[in-house]
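Chemist: Quick one: the structure is below, and I'll ask about it shortly.
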Amino acid sequence: MLTPGTAAASDIAAANAARAGASPATLAKTRDAAQQFESAFVTQMLTHMFDGVGNDPMFGGGKGEEVFKSFLLDEYGKSVSRAGGLGIADAVQKEMLRMQEHHA
């Protein structure tokens, strides 16, 4: 779910890119890359946060939880990014477009 502030930030980034002459394909690619970056960042934050959380012996623990915890945290990171994230994707996309503009 997108928050109003995030949708507005994305709209602003798209408007700035359109003024700079970025094609819709470029916008889509930079947006995807920026969201992947934000997802990886959030996953790393969550990984360090969950390092201090122990396993519940009644409902978890064991080798299975150990193995699949990284997959779960990766999905959490993707979910946070898709839901609007922390605003990192917007800043990264803006910078990517600015860098492409300077090299064009």
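Chemist: Taking the criterion of being closer than 30 Å to Gly21 by Cα and not in a helix (DSSP H, G or I), would at least one residue in the range 63-84 satisfy it?
Modeler: Yes, the range 63-84 contains a residue that is closer than 30 Å to Gly21 by Cα and not in a helix (DSSP H, G or I).
Chemist: A further question on this structure: Kindly indicate which of Ala22, Ala28, Ala89 is at pLDDT 75 or above and outside any helix (DSSP H, G or I).
Modeler: Ala22
Chemist: How many residues does the range 30-82 contain that are in contact (Cβ under 8 Å) with a residue 60 or more places away in the chain and of a type outside the set (Lys, Arg)? Break it down stepwise before answering.
Modeler: Taking the range 30-82 and keeping what is in contact (Cβ under 8 Å) with a residue 60 or more places away in the chain, we get 30-31, 33-34.
This time we only want the ones that are of a type outside the set (Lys, Arg), so: 30, 33-34.
Selection size over the range 30-82: 3.
The values are calculated or read from the model by the stated rules, or taken from the named source; none is laboratory data. None of these values were measured; they are calculated from a predicted model. A quick note on method: Cβ atoms are made from the backbone with ideal geometry, for glycine too, and the neighbour counts reach across all protein chains shown.
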